[in-house]
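Working notes for the structure below.
The values are calculated or read from the model by the stated rules, or taken from the named source; none is laboratory data. Values in this document were obtained by computation on a predicted structure and should not be read as measured data. All Cβ positions, even for glycine, are placed from backbone atoms using ideal geometry, and neighbour counts span all protein chains on display.
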Amino acid sequence: MNLPVEHKARIEAGIARETWDSLARENAMHFIASNRPQWTQEEFFETGRHAASRLLQQARPRTGPGTSMCDVGCGIRRLAFAFSSYFERIVGIDVSPEMIDRATSFRNEHGITNAQFFVGSGADLQGIADASQDLVVSHLVFLHLTSRALIAQYLLEFSRVLKHGAPAFFDLSVVPAGIKNKVLFGTKEIRDHLYWNVYRFLGSSVGTRSPAVRGKRVTLDWLTAELEKARLKLTDISLPDNWTDSALTSVICRKV
């Protein structure tokens, strides 16, 4: 059944909110950084400090007084607080109220005054002003988005909120071109479509196979075209050697 775009977007946002609320209650740190089943709080947030330092070196945003950065899909603030010593203002946005509640509680407990967290729609960055951000980061988030239309919408939103020349960082699953991979890509698309429709009717019974965990893959051609539409200039991309299957790909781009 083909749904109107706005109706489908509301369903996708509801699936994402339900899924990530549930995962936050079960084990937030593991489902944010799933390379370990259990984390201590110090170890978990140390990974955020390392990731923030690496991203700053790669993206080279303007920092210091008068600057602001946005962490899209901030979770329980693993990266946001690591960035708080570099920017005057931090904005964290997440579709999950459970994640935002935990981030806000930690901010209040530790007296961090330059970070603000709020629940987003799951489809845009409403509430963040145009041309207000010196850096936008969305780490390990795009690979969970439920449609390519949603990825494209977020790229447009990144462009809207970034200052001219400011960078954005995100990562997502990219598949190579070629007939073989087009066939495999199409097969995965059919499978993911089935999961989406099953979850729409059965809800949380699908668990971590929710479309909000599985996400969507894109081709490099599709990605470069959507970046151009959003007026974002690709400045760095990481692709593995001997690239034959979907790969987690890091992207840095700048508003032009």
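Got a number for residues in region 84-109 being free of Cβ contacts under 8 Å to residues at least 40 places away in the same chain, of a type outside the set (D, E, K, R), outside any strand (DSSP E or B) and surrounded by 17 or more Cβ atoms within 10 Å (Cβ to Cβ)?
Of the residues in region 84-109, the ones free of Cβ contacts under 8 Å to residues at least 40 places away in the same chain are 84-86, 88-90, 92-93, 100-101, 103-109.
If we keep only those that are of a type outside the set (D, E, K, R) too, we end up with 84-86, 90, 92-93, 100, 103-106, 108.
With the extra rule that they be outside any strand (DSSP E or B), the set shrinks to 84-86, 100, 103-106, 108.
Of the ones still in play, those that are also surrounded by 17 or more Cβ atoms within 10 Å (Cβ to Cβ) are 84, 86, 100, 103-104, 106.
Residues meeting the conditions: 6.
Yes or no: Val174 in contact with a Cys (Cβ under 7 Å, 6 or more places away or on another chain) and part of a strand (DSSP E or B)? Explain how you work it out, then say what you get.
Numbers: in contact with a Cys (Cβ under 7 Å, 6 or more places away or on another chain): no; part of a strand (DSSP E or B): yes.
In short, no.
Considering Ala212, Ala225, Ala247, Ala177, which residue is modelled with pLDDT under 90 and exposed (fewer than 15 other Cβ atoms within 10 Å of the Cβ)?
When all the criteria are applied, what remains is Ala177.
Residue-by-condition table, conditions (1) at pLDDT 90 or above; (2) touching a helix residue (DSSP H, G or I) at 6+ places or on another chain (Cβ under 6 Å); (3) of a type in the set (Asp, Glu):
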site	(1), (2), (3)
His110	no, no, no
Phe118	yes, no, no
Ala123	no, yes, no
Gly127	yes, no, no
Leu135	yes, no, no
His139	yes, no, no
Thr146	no, yes, no
Tyr154	yes, no, no
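Give the residues of region 58-83 that are free of Cβ contacts under 8 Å to residues at least 60 places away in the same chain, under 23 Å from Glu42 (Cα atoms) and among the small types (Gly, Ala, Ser), sorted by residue number.
Restricting attention to region 58-83, the residues satisfying the condition of being free of Cβ contacts under 8 Å to residues at least 60 places away in the same chain are 64-66, 74-78, 80-83.
Adding the requirement that they be under 23 Å from Glu42 (Cα atoms) leaves 74-78, 80-83.
Hits for region 58-83 are Gly75, Ala80, Ala82.
For residues that are farther than 25 Å from Met29 by Cβ and in contact with a Lys or Arg (Cβ under 6 Å, 6 or more places away or on another chain), tally how many sit in region 95-136.
The number of residues fulfilling the criteria is 3.
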